[in-house]
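Notes follow the structure.
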Amino acid sequence: MVQVLIDQCRNFGINHVVISPGSRNAPLIIAFDNHPEFKCYSIPDERSAAFYALGMARQLNEPVAIICTSGTAVLNYAPALTEAFYQEIPVIAITADRPPELIDQEDGQTIRQENVFANHIRFSTSLTTKEDQQSIAHGKEQIDMALSVSLSFPKGPVHINIPFEEPLYDFEEKEIIDIDKPAISCSDSFPLEQEKNFLSDWQQSEKVIILVGVSTPNKELNRSLTSFAKQNNAVIFAPATANIQGENTFNTIETLFFSTFVNSDSSLTPDILITIGGPVVSKAAKQYLRKYKPKFHYDIDVNPAIIDTYKALSEKITCSPMEFISRIVKDCDKKPSAFLDKWQDRNIAIKEKTKNFTENVKWSDISIYTSVFDRVPLEINLHLANSTPVRYAELFNKHPKVNYYCNRGTSGIDGCTSTAAGAALVSNNPTILITGDMSFFYDSNAFWNNHVPNNLKVILINNGGGNIFKVIRGPENTNQLESLFVTQQSAKAEKLCEAFGVDYLSCNNHKGFKESLLKLFETDKCTVLEAFTPSNKSAQTYRDIFAEIKSL
């Protein structure tokens, strides 16, 4: 059965395999590592290993396999597989298991692994220990199905559970014939009736907004989308993490929608809203569009799932944004420019306010983001950790040469560093991660392996706890703000970096940060730059930015 799995993984384009050491998975380790066409990586911590694979799969836009032993090792895959599920990333989880007759019989490292990821997996199968022709044929069929589903739209993680009997270390490769790669299903078209409905609604609309959620970089989509918006006077809202930039495109959507929401400006409500991409980080955008609903809302995605974030969905069109634009572009008339002009005027005013504020701000978290976005070198991949870094990024325009990434499938802090490290491992570009202290220390095992990439640079903002709870509304009204929400901590990264063989820089003021940032960009080894910032001042400064904008 192992040889069938090996051959099918090759046929489906799997090149990278992230392995966590164990005994029950020995046949898998031996088989994959002995095969010349697989590149194997040993990551001891299964949770970190799975996030490494997620980062690699997203960066390469191809499936990546993860392999672990039996027992609780399997459960550590859950956070990354859940993130992959919501981001639609093909991660292939291959877990070794004990023979079924040993389950619940007090045998070591034995748990109920079958369907263990049931709610957050595209497909799951548990194979058999039998090696007769019929069992092998059924196993091939199940592996075939798993890999096909992972790469079909919507893409996503799958789970292949394989029980092994002892002995485990005398695996013998056998030639398997008649292995054919089936066609991957990918429907990229939508019914003519939906096209007619959209064009009818378009004709009744004067104010058009295209809202782009978190998306991986796609230059062709960027060109097509911005060209369409320019041609029709449509307004594009795309935070930096949408990786869209151009004419009629506004990146700082949190401040823009905040100013319209707090001032109850319903004149900027769209007649027609087109949404593409993944989740939208901006809370203000959600608040505004839920209160001032568009007349028509069309969601465009290859995933057929119904997503009605703004409670105004007219129709879901299941296709790629490129296909959608190519179908409707010739029949969409140009809209009056007044709606676009209003947003442009507001954007200019907010941009000026923000610029004046950030130029004069005292040392705090915002100082770091201002310096980074002003001085970031060209052609980098920038990873933004949850919770505050991804929010701060929405205060700045997208850098034209920077690719933005973040884990917003489930928006957890648990694997941000490992994801960035995995992406850097398979990329030639410098990879910079901006992270907070809680996210960094939570995922410190990202450095506990022999594959930490030298092109990974980490900017660690250490403000002594989870400062997000001083920014969002609610926790400040409780008696547990500092002790159980922020969870104040005094950990420093220097000794941790020393233990893992990672270079370390530190600073605690604006001048020191600028000097250290230059060193960080120049180093040829994985380096962590730890910037110590004042907690209360940083939180207050973030709130002050919105207080300034509120007055517009």
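Where a number appears in this text, it was derived from the coordinates with a stated rule and is not lab data. Only a predicted model underlies this, so the values are computations on that prediction, with no experimental measurement involved. Virtual Cβ from ideal backbone geometry, glycine too; neighbours counted across all protein chains shown.
Read phi for every residue in the stretch 487-496 and hand back ³J(HN,Hα) as whole Hz from Karplus 6.51 cos²θ - 1.76 cosθ + 1.60, θ = phi - 60°, with x for Gly and Pro.
6, 3, 9, 10, 5, 10, 8, 4, 5, 4
Between their Cα atoms, which of 207/401; 353/398; 293/550; 230/550; 207/286 are more than 23 Å away from each other?
Numbers: 207/401 30 Å; 353/398 18 Å; 293/550 21 Å; 230/550 29 Å; 207/286 18 Å.
Check vs 23 Å cut-off fails for 207/401; 230/550.
Only counting other Cβ atoms within 10 Å, I'd like 399, 138, 383 sorted with the fewest neighbours first. Mind dumping the intermediate values first?
Numbers: 399 19, 138 16, 383 27.
Fewest to most other Cβ atoms nearby, the residues stand as 138, 399, 383.
Alpha carbon centre of the stretch 291-336 versus the stretch 480-540: separation in Å?
For the stretch 291-336 versus the stretch 480-540, the Cα centre distance is 42 Å.
Just round it to a whole percent: the fraction of Cα-Cα distances in the chain exceeding 46 Å.
Working: 27350 of 152076 pairs.
Considering the chain, 18 percent of its Cα-Cα pairs are separated by more than 46 Å.
Dipole size in debye (nearest 20) for the chain around its Cα centre, Lys and Arg Cβ +1, Asp and Glu Cβ -1? Before the final figure, lay out the partial values.
Details: 53 positive and 65 negative charges, 587 e Å.
Approximately 2820 debye in magnitude.
Dipole magnitude of the stretch 192-346 about its Cα centre, charges +1 at Lys/Arg Cβ and -1 at Asp/Glu Cβ only, in debye to the nearest 20? Present the calculation step by step, with values, prior to reporting the outcome.
Values: 19 positive and 18 negative charges, 61 e Å.
Charge dipole, the stretch 192-346, about its Cα centre: 300 debye, nearest 20.
Whole angstrom only: what separates the Cα centroid of the stretch 379-419 from the Cα centroid of the stretch 1-59?
Their Cα centres are 27 Å away from one another.
If a/c stays under 1.5 just call it rounded; otherwise compare a/b with b/c (prolate if a/b is bigger, oblate if not). Do that for the stretch 107-160, with a ≥ b ≥ c from the square roots of the Cα gyration tensor eigenvalues. Each step should come with its number before you reach the end.
Numbers: a/c = 3.70, a/b = 1.15, b/c = 3.23.
Oblate shape, in that a/c is at least 1.5 and b/c is the bigger or equal ratio.
Grab the other residues whose beta carbon is less than 13 angstrom from that of residue 165, score K and R as +1, D and E as -1, and report the net. Provide the component values of the computation, followed by the final result.
Values: positive: 24, 98, 130; negative: 97, 101, 107, 131, 166, 170.
With Lys, Arg at +1 and Asp, Glu at -1, the net is -3.
Which far-off residues, 5 or more places away or on another chain, put their amide H under 5 Å from the one on residue 248, with H placed in the peptide plane?
Result for residue 248 returns nothing.
How would you classify the stretch 192-346 from its alpha-carbon gyration tensor, with a ≥ b ≥ c the square roots of the eigenvalues: rounded for a/c under 1.5, else prolate if a/b is greater than b/c, otherwise oblate? Walk me through the numbers before you get to the answer.
Values: a/c = 1.27, a/b = 1.22, b/c = 1.04.
Since a/c stays below 1.5, the shape of the stretch 192-346 is classed as rounded.
Stokes-Einstein diffusion coefficient for the stretch 205-281 at 4 °C in a medium of 1.567 mPa s, Rh from the Kirkwood formula over Cα pairs: what value in µm²/s?
102
Which cross-chain or sequence-distant (5 or more) residues have an amide H under 5 Å from the amide H of residue 529, H modelled 1.01 Å from N in plane?
458, 459, 460, 505
How do 551, 20 line up, fewest other C-beta atoms within 10 Å first? Don't skip to the end; give the middle numbers.
Values: 551 9, 20 24.
Ascending Cβ contact count within 10 Å gives the list 551, 20.
Exposed loop trypsin sites (Lys or Arg not before Pro) only (DSSP loop, at most 15 other Cβ atoms within 10 Å): please give the longest stretch of the chain free of them, not including the sites.
On the way: sites that count: 112, 130, 174, 295, 311, 334, 362, 401, 473, 525.
Within the chain, the longest run free of exposed trypsin sites (Lys or Arg not before Pro) spans 175-294.
Two decimals is fine: what is log10 I(q)/I(0) at q = 0.13, 0.19 Å⁻¹ for the stretch 1-134, from a Debye sum with one equal scatterer on every Cα and no solvent?
For the stretch 1-134, the Cα-only Debye profile gives -0.52, -1.14.
Hey, fewest Cβ within 10 Å first, where do 322, 438 land in order?
Working: 322 16, 438 24.
In increasing order of surrounding Cβ atoms, one gets 322, 438.
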